[in-house]
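The values are calculated or read from the model by the stated rules, or taken from the named source; none is laboratory data. Model, not experiment: these values are computed from the prediction. Positions of Cβ are backbone-derived with ideal geometry, glycine not excepted, and every protein chain shown enters the neighbour counts. Remember, those area values only see protein heavy atoms, side chains included, never the ligands or the DNA or RNA. Shrake-Rupley method; radii C 1.70, N 1.55, O 1.52, S 1.80 Å.
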Amino acid sequence: MTRRERLTRIFRGELPDRPAVKLWGVTPDQKLLDPAYEPVYRKAVELTDLVMGGASSFNLPWGSASSDITSQREVPTDSDEWVDVITEYRTPDGILQSVHRKSTVGKPGYQREDPIKEPGQLEWLLRFPYEPFPFSADPYLKSEQKVGDRGITFFGLDHPAYGLHRLIGSENLAFWIFECRDLLLEIIKTFSDR
């Protein structure tokens with residue numbers, strides 16, 4: 001049984017020849033963070049059941065205008081190991097800004113400031129003039145060609161609730177689910193319709 005056949009059977013709820021094994025984040029031809037990973041990486045590509053992704057361009061809140069309204073800049077911090085990546089979204093209602101602390105030495109980064117900080121800014125999402133990207137299956141087909149029988153490719157779509165979560169953060173989501181639940185649900189439905 002090929003790795004593709006194994007994964008296909010599993011996703012269909014059918015019995016495979018053995019459990020699937022996947023090393024998280026391994027894809028063919030990826031850039032490694034450290035050369036020491038090379039032997040494990042080669043074995044993972046050779047032996048594990050690969051899961052790849054491919055998707056058409058998609059942006060839940062801003063659509064095809066995302067690159068026109070978004071700007072980023074890096075600001076030094078008090079440590080050489082970190083920079084703050086400041087992202088601004090210029091909307092008709094005003095500027096939303098997020099801050100992501102990014103490592104310069106390969107450590108995981110973290111979000112310091114989410115773009116939407118006040119419940120009133122949620123309305124900006126609904127008023128933003130949304131236009132979708134044109135659909136293209138090319139990224140999916142390219143990923144399918146790369147993985148072949150070594151695994152399977154998923155066509156990715158963003159999750160509406162997670163798309164909102166990335167804009168407001170966990171703490172605001174926890175508070176606002178009680179304070180402005182109907183508005184959050186309306187945004188999630190709008191994102192879902194997109």
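Peptide packing for 9-16, 32-39 was compared via the average number of neighbouring C-beta atoms within 10 Å per residue; ordered from the highest value, the list is 9-16, 32-39. Estimated at the nearest 10 Å², the accessible area of Ser192 is 70 Å² with a 1.4 Å probe.
Only protein heavy atoms count here; under a 1.4 Å probe, Glu123 has an accessible surface of about 80 Å².
Among the listed options (1) 27; (2) 43; (3) 38, the one matching percent of Cα pairs over 29 Å apart as calculated from these coordinates is (2). Going by accessible surface with a 1.4 Å probe and the largest first, Asp193, Asp78 read Asp78, Asp193. Close amide H partners of Thr153, meaning residues 5 or more places away or on another chain with modelled amide H under 5 Å apart, are Met52.
Using r as the Cβ-Cβ distance of Lys31 and Val99, and R0 as 25 Å, what FRET efficiency do you calculate, to the nearest 0.05?
0.45
Counting 0.36 nm for each residue step from Ala55 to Arg194 and taking away their Cα separation leaves a gain of 48.6 nm.
When the listed pairs Lys43/Lys146; Lys22/Lys146; Lys22/Lys102; Lys102/Lys142; Lys31/Lys107; Lys43/Lys107 are checked against a 22 Å cut-off, the alpha-carbon distance exceeds it for Lys22/Lys102; Lys102/Lys142; Lys43/Lys107. Remark: spin-label model distance Val40-Ser170 equals 2.5 nm, labels positioned 7 Å along the Cα→Cβ axis.
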